[in-house]
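Here is the structure we will look at.
Laboratory data are not the source of any read-out in this text; all were calculated from the coordinates shown. In this text, all values refer to a predicted model and were calculated from it rather than measured experimentally. FYI the Cβ positions are ideal-geometry reconstructions off the backbone, even for glycines, and counts take in every protein chain you see.
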Amino acid sequence: MFFDHFNYWIFVILLMIGLYTVMSRSNLIKKMIGLSIFQIAVFLFYISLGKIEDGTAPILLEGDGVIYSNPLPHVLILTAIVVGVATTALGLALIVRIKESFGTIDEDEILLQEEDK
Amino acid sequence: MEEFTDIFLMLLLIAGTLGVLYVSNLFVATMLLGAVSLIVALIFVTLDAVDVAFTEAAVGAGISTVLYLGTLAMVGSKEKTRSKKSPLPLLVSLAVGGLLIYATLDLPVIGSPDTPVQTSRLTDRFINVSPNEIGVPNMVTSVLASYRGFDTFGEVTVIFTAGIAVLMILRQRHTRREEEPIENPTNPDQKGSLHDIVPHVVSKLLIPFILLFGLYVQFHGDFGPGGGFQAGVIFAAGFILYSLVFGLDNLKQLISARFVEFLLAAGVLLYGGVGVVSMLMGANFLDYNVLGSTPVAGQHLGILLVELGVGITVTAAMLAIFFGFAGRPDEIEDSNGH
């Protein structure tokens, strides 16, 4: 019973760490890193749904009776990873601009500057 | 043994992410995130997702680490600790986690063959019919480029858009409200570490093989793990390594920023063009059956061209983004000097 869901629980803990990082840290880069961790948890969950017992990678082998894992989650996550790095780059570019116009990338300090205006 | 590997990797993963969370030096956090990505890639291998593992290793441990480091060079790496601490984030995370763990109790055991994912009609089609229908041994490639070709077209467009957006944001001349000079951690004299002979020699030896490997991954993606996404990232990594060791200016002489922008659009156009050609030949958008003398030959040609389009756009997007980040400190210096 315990090990049946062990992997899922690890993914949930990973997701919690990511969510906690995003909410509790005021540094914008740390928030982006938190988002990445959150994202990794979702990727792992999807891929483990495609796994089948005694299966192998979904690349055709000679012979009958080979069990293949489901290729569909692999396709979805493969593209999601590359899209993920493109959107991360967008977020980092915005952080660079924020640093240039506020002089800081700390959320609390930025909010203070906005209140002072 | 398998359980042992699994548990070991999972615990390493949690330890790595906790390290990322608690370390206050952002350089260390970035390096740890790269290590976490490698562990995740290993876990993907144990879950039979070799294509995904490939992508994660190239993207997570390679490109995204470079992007984070490029950003840190501009914004500084010290994380300030928050003065006011609130218990709310911890409570919310625990509540979400508790709900999800409650939900996992209803999930099937990992690997069981009678889940809806494994018994769906689509799964049967992808695994049992696609080798004859598409004629490509790697099922991930046939699903990616043929069955779900339209979806992948959308993903490539997202990458294209993100590349354009990064260029637009970082090209703007910056205007600072206070006139304080920005401390610039990269010393221009040492840019590209011109004095380090070991990285020079090693990377000169490595770069041709990295590019060759990129080409192999691109064109062997039908038969083994690989394809346009992975090849694009590996190719870009080769050029980025060149730039890191020999300086950005040398890379810009090799491929100009304008050419990269041209490639960025060319890949998407090639992908869409294949779809338009198949429409002109009387089939649906991105239906490759009509492209060749037999449906299987048409699928082969279609997948080859589409993957090439993906590879070109991903390479160009990663390079454009890198140019944007790496070129930024120069512009800051220029506008401060005037």
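Phi angles of the range B:6-12 translate, via the Karplus equation with coefficients 6.51, -1.76, 1.60 and θ = phi - 60°, into HN-Hα couplings of 4, 5, 4, 5, 5, 5, 4 Hz per residue; Gly and Pro are given as x.
Using the Cα centre as the reference, give the magnitude of the dipole from point charges on the C-beta atoms of the protein assembly as shown (Lys, Arg: +1; Asp, Glu: -1; all else neutral), rounded to the nearest 20 debye. All intermediate terms of the calculation are to be shown ahead of the outcome.
Details: 24 positive and 41 negative charges, 180 e Å.
Here the size comes out at about 860 debye.
Find me the longest stretch of chain A that has none of the exposed GluC sites (Glu not before Pro), where exposed means in a DSSP loop (not H, G, I, E or B) with at most 12 other Cβ atoms within 10 Å. It would help to have the intermediate numbers written out before the result.
Working: sites that count: A:E53, A:E62.
The answer is A:63-117.
You can think of it this way: the chain between B:V277 and B:D196 has 24.1 nm of extra reach, that is 0.36 nm per residue less the Cα-Cα gap. Quick check: from the Cα gyration tensor, does chain A come out rounded (a/c under 1.5), prolate or oblate? Verdict is oblate for chain A. In whole angstrom, note down how far apart the Cα centers of the range B:124-153 and the range A:80-117 are. So the two Cα centres are separated by 40 Å. With a cut-off of 16 Å, note down the residues of the range B:152-166 whose backbone N falls inside the zone around a label point 7 Å from the Cα of A:A80 toward its beta carbon. Counting backbone N atoms under 16 Å from the label point, the list is B:152, B:155-156. Let a ≥ b ≥ c be the square roots of the eigenvalues of the Cα gyration tensor of the protein assembly as shown; is it rounded (a/c under 1.5), or, if not, prolate (a/b larger than b/c) or oblate? In terms of gyration-tensor shape, oblate.
In this rough spin-label picture, where each label sits 7 Å from Cα along the Cβ direction, the B:T5-B:Y102 distance is 3.7 nm. For B:T115, nonlocal amide neighbours, meaning residues 5 or more places apart or on other chains whose placed amide H falls under 5 Å from its own, do not occur.
Over chain B, Cα pairs under 8 Å with separation of 6+ residues give a relative contact order of 19 percent.
Take the Cα gyration tensor of the range B:218-338, multiply each eigenvalue by 5, square-root it, and list the three semi-axes largest first, rounded to whole angstrom.
Values: eigenvalues 269, 50, 14 Å².
The equivalent ellipsoid of the range B:218-338 has semi-axes of 37, 16, 8 Å.
If a spin label sat at a point 7 angstrom from the Cα of A:M23 along the line to its beta carbon, the backbone N atoms of the range B:71-98 nearer than 18 Å would be those of B:82-98.
A straight Cα-to-Cα reach below 30 Å connects A:K117 with the lysines A:K30, A:K31, A:K99, B:K78, B:K80, B:K84, B:K85, residues fewer than 8 places away in its own chain not being considered.
Quick check: from the Cα gyration tensor, does the range B:63-146 come out rounded (a/c under 1.5), prolate or oblate? Oblate. Straight-line cross-link partners of B:K204 among the lysines, defined as a Cα under 28 Å from its Cα and at least 8 positions apart when in the same chain: B:K191, B:K252. Within the shell of other residues whose beta carbon sits under 14 angstrom from the beta carbon of B:P113, the net charge comes to -4, with Lys and Arg scored +1 and Asp and Glu -1. Computed per residue of chain B from DSSP H runs no shorter than four, each worth -39500 (n - 2.57), the mean residue ellipticity at 222 nm is -23000 deg cm²/dmol. Per residue, the average separation of C-alpha pairs within less than 8 Å and at least 6 apart gives chain A a relative contact order of 23 percent.
Please report the net charge: other residues with Cβ closer than 12 Å to the Cβ of B:T313, K and R +1, D and E -1. Result for the local shell: -3. Hey, how many Å between the Cα centroid of the range A:34-69 and the Cα centroid of the range B:64-116? Each part's Cα centre sits 22 Å from the other's.
Loop by DSSP (not H, G, I, E, B), at most 16 other beta-carbon atoms within 10 Å: where is the longest site-free stretch of chain B for chymotrypsin sites (Phe, Trp or Tyr not before Pro)?
On the way: sites that count: B:F223, B:F285.
Longest stretch, sites excluded: B:1-222.
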